Amino acid sequence: MNYTKTIAVSELPEGTQKAVTVAGQNVALFHYGGKITALCGTCPHEGGPLAEGNVERGADGVLRVVCPWHGWKFDIATGNMPLELGVRQAVHDVKIQDGFIFVSDAPSIPAIPPPKHDDL
Ligand code: FES
C-alpha cells in the first residue's frame with residue numbers, strides 16, 4: 001500500500017482535525033483520544049467537508065464527526081454511520097514516521113455509499 005506524507009503531528013494537536021490532500025483525494029485527519037485517524041473528507045450525502053464538522057462522543061462512547069451541512073455522523077475510526085442505512089465512509093490507514101503523518105493512498109476500509117434517493 002502506498003502512503004502519502006501529509007502534515008507534521010505537531011500541526012494536529014489532540015482534539016483537532018484538518019483536511020489534507022492524499023493522492024488527489026480530500027481526506028479528513030482527526031486526532032482524538034490519543035489516536036490519529038483518517039476518513040475520506042467528503043460527505044457521501046451531498047459533499048459536505050467532514051474536516052469542518054464537530055467531533056462528539058456518543059452515549060455509546062464512540063467518537064463521531066458530525067457533517068456541518070446536514071448532520072450525518074461518522075465514527076472517526078471505522079467510518080460507520082450509527083444509522084440503519086449501513087452507510088460507511090472510507091477509512092485510510094495512518095502511519096507516523098519521523099514526526100509526520102503518512103496516509104494510505106487507497107482506503108484500508110472501503111466506503112459503503114448511501115442508497116440513491118430513488119431507493120429510499
Ligand atoms: S452533505 Fe453531509 S450530511 Fe449532507
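Being touching a Pro at 6+ places or on another chain (Cβ under 9 Å), away from the ligand (no atom under 16 Å from the Cβ) and farther than 25 Å from PRO115 by Cα is true of HIS31. Scanning the range 61-83 for residues that are under 17 Å from PRO115 (Cβ atoms) and away from the ligand (no atom under 16 Å from the Cβ) yields nothing. Might you check whether a residue that is over 21 Å from ALA23 (Cβ atoms) and outside any loop (DSSP other than H, G, I, E, B) occurs anywhere in the range 92-109? No, that holds for no residue. The set of residues in the range 34-60 that are surrounded by fewer than 17 Cβ atoms within 10 Å (Cβ to Cβ), away from the ligand (no atom under 12 Å from the Cβ) and at pLDDT 95 or above comprises GLY34, LYS35, ASN54, GLU56, ARG57.
The values are calculated or read from the model by the stated rules, or taken from the named source; none is laboratory data. All values derive from a computational prediction rather than experimental measurement. Cβ sites come from the backbone with ideal geometry, for glycine too, and all protein chains shown count toward neighbours.
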